[in-house]
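To start, the structure itself, in structure tokens.
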Amino acid sequence: MNEFVAPIGKFLLQFAYYYPLFMAYVWIIGAIYYYVRWECRGDNCLEAAPPVKGSPHASIIVPCYNEGETIRETLEYAAAQDYDNFDIIAVNDGSSDNTAELLDELKDKYPMLRVVHLAENQGKAMAMRVGTLFSSSEYLICIDGDALLDRHATSWIMHHLTGGPRVGAVTGNPRVRNRSTLLGKIQVGEFSSIIGMIKRAQRIYGRVFTVSGVVAGFRRTALHQVGYWSTDMVTEDIDISWKLQLNHWDIRFEPNALCWILMPETIKGLFKQRLRWSQGGTEVLMKYVSNLWSWRKRRMWIVYLEYFTSVFWAISMVGIVVLWMLGKFIVMPPAFHVPTLVPGWNGVVLGMTCLLQFAVSLAIDSRYEKGIGRYYYWMIWYPMAYWMMNVATTMVAVPKAIFKKRGTRATWESPDRGIS
Amino acid sequence: MSELIIETPHLQNLRQRYGFAALTLIFWAVWFYMWLPLISLIAWVFGVKMFYLHMIELGGYVGFLELLGWYTLIVFLIAIVFGGWMMVNLFRFRGRERRKPIREVNDEQVADYFGVDSDYLSRFTGQRSVTVHQTPDGSIRAIEARV
């Protein structure tokens, strides 16, 4: 039994160390290639989006649920887009606060605004489906009800959507607004070094795991072909990304399409959000596993494998820590004995890699936000505590996803929007 | 327009502000602890003898250099594979769209998909504010204009 278990145990220990190490280099290298290929070109100027031929009409769809505190600002920024042919469709999804009244008041202020009230709360996916129904545009830009869209973002997104007939979606570049607390500061770095870096690397590969649900543009024809957003998935953005790509639509990333967002600044709020993301990712893994067994869908295999491996890694980490702790109290069989969690010389390499990843990502992102480098000091928390949060949410999310009743409608929960 | 960046640390209490800053410092200290082998090597060079575990038991700087060598090779391979993949795709697909374009859907098709009569819907698409009533499964039951 020992001869069988010992090599597996050794493999898992090494896997737990090597996987995050080498994946970090995959993201770093991919992001650098993307930056050199697309971002540091002379004609790539944040202030001047390329002209969009014909300026076809676009609809900005804003699903809202209890956005009474933020919707004024959101619509102010949405209405100030420098693109010259758009309307805004705000969908009030059965809000219980004063969102409905505010939206009806604001339509008098913004001539391009139309408001659709859903009589009962239906969930974000349904709100966007209804918003699409009321739009006559082939091009839809969907933003969250508390997101501030940069005035050039629509032009940048439209540049991609009109740039090729098989571009199904474009994901924008969310930036964290609230940085008063430690959690806010960590997320600034996280959005650069993890989310921004991974999106860039995935674009070099050719397939992405997900659009950013907070800011994304879509081609209506593409959505129609894949059945629009699913109403039973807790992360409709991951789900629609997979639906589109499995039907051979392209999803692009546009770092110039900035969108300023509010992220949780409490542990409870952050945990709930990350739990939803993790559950959504697992739901997608389960939903599409049977869909992948086709040579025509081979380009999604690596995306699927990477996410599956990350879930497996989280579970392995929990196993290793549990075995290490048990080893402090009882004599463990050699195959299950974890002597130390400190990796020695390997730790030096892991440490260097982590700091390098954050440094590269913040350097790339400094183009879109001056002074972002000062958040480097706070990034030490990411491997120390954030990884543990991600491992914890995965452990809770995987069983939730597995045991969730199929077809359950996914509805909103009021998010934590920071301390101010 | 509001400030895009919200930085109001004064909304936290003193314990939170200084507590987190102190903890961050401690984490940096733990981080440097992981660099102890390298720090030990440098300290040894300057004659300070506190390196036994890392220099002797774990193979010392020779082991570290060998490790670095392997890592550098693997990272180099990742860069070659990724870069090669990028160049192959650029060569195969740049400026060429091999997938068939799909005819754009029109408003009638979208309405039909959602189970709404397009003539009925068109009475409301010009309205500035409407209310939509749905069945439990999400189908649209009725639409009414809001005054």
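The values are calculated or read from the model by the stated rules, or taken from the named source; none is laboratory data. Predicted model only: the values in this text are computed from it and were never measured. No Cβ is skipped: glycine too gets one built from the backbone with ideal geometry, and neighbour counts run over all protein chains shown. Ligands, DNA and RNA are stripped out before the accessible areas are found, and what is left, the full protein with its side chains, is counted by its heavy atoms. Shrake-Rupley method; radii C 1.70, N 1.55, O 1.52, S 1.80 Å.
Some observations on this one:
- The range A:94-126, residues that are within 10 Å of chain B (Cβ to nearest Cβ) and within 23 Å of the chain's Cα centre (by Cα): A:Gln122, A:Gly123, A:Ala125, A:Met126
- Of the residues making up the range B:69-83, those that are surrounded by 15 or more Cβ atoms within 10 Å (Cβ to Cβ) and more than 19 Å from A:Arg299 (Cβ to Cβ) are B:Tyr71, B:Val75, B:Ala79.
- Checked against (1) of a type in the set (Phe, Trp, Tyr); (2) within 14 Å of another protein chain (Cβ to nearest Cβ); (3) surrounded by fewer than 19 Cβ atoms within 10 Å (Cβ to Cβ), A:Phe403 passes all but condition (2).
- Residues satisfying the stated conditions in the range A:194-220, i.e. within 9 Å of chain B (Cβ to nearest Cβ), farther than 20 Å from B:Arg103 by Cα and not in a helix (DSSP H, G or I): A:Gly206
- Hits in the range A:280-298 - residues which are in a helix (DSSP H, G or I) and aromatic (Phe, Trp, Tyr): A:Tyr288, A:Trp295
- In the range A:137-186, the qualifying residues are those that are of a type in the set (Ser, Thr, Tyr) and in contact with an Asp or Glu (Cβ under 9 Å, 6 or more places away or on another chain), and the one that is nearest to A:Arg203 (Cα to Cα) is A:Thr171.
- Annotation for the range A:175-194: no member residue is under 20 Å from A:Pro50 (Cβ atoms) and touching a residue at least 60 places away in the same chain (Cβ under 8 Å).
- Restricting attention to the range A:289-321, the residues being among the small types (Gly, Ala, Ser) and in contact with a Ser or Thr (Cβ under 9 Å, 6 or more places away or on another chain) number 2.
- Here A:Ala125 meets the list (1) in contact with a Leu (Cβ under 8 Å, 6 or more places away or on another chain); (2) assigned to a helix (DSSP H, G or I); (3) surrounded by 22 or more Cβ atoms within 10 Å (Cβ to Cβ) almost entirely, failing just condition (1).
- Exactly one residue out of A:Trp301, A:Trp277 is open to solvent by 30 Å² or more (accessible area, probe 1.4 Å), farther than 30 Å from A:Gly145 by Cα and either not in a helix (DSSP H, G or I) or not charged (D, E, K, R) (or both), and it is A:Trp301.
- Filtering the range A:221-240 to residues that are open to solvent by less than 10 Å² (accessible area, probe 1.4 Å), on the phi < 0 side of the Ramachandran plot and within 14 Å of another protein chain (Cβ to nearest Cβ) leaves A:Thr221, A:Ala222, A:Leu223, A:Trp229.
- Among residues of the range B:84-139, those that are open to solvent by less than 50 Å² (accessible area, probe 1.4 Å), under 20 Å from A:Ser135 (Cα atoms), polar (S, T, N, Q) and facing chain A (nearest Cβ under 9 Å), counted: 4
- Within the range A:345-373, considering residues that are closer than 18 Å to B:Phe64 by Cβ and among the β-branched types (Val, Ile, Thr), the one modelled with the lowest pLDDT: A:Val348
- Take the conditions (1) open to solvent by 10 Å² or more (accessible area, probe 1.4 Å); (2) assigned to a strand (DSSP E or B); A:Thr171 misses just one of them, which is (1).
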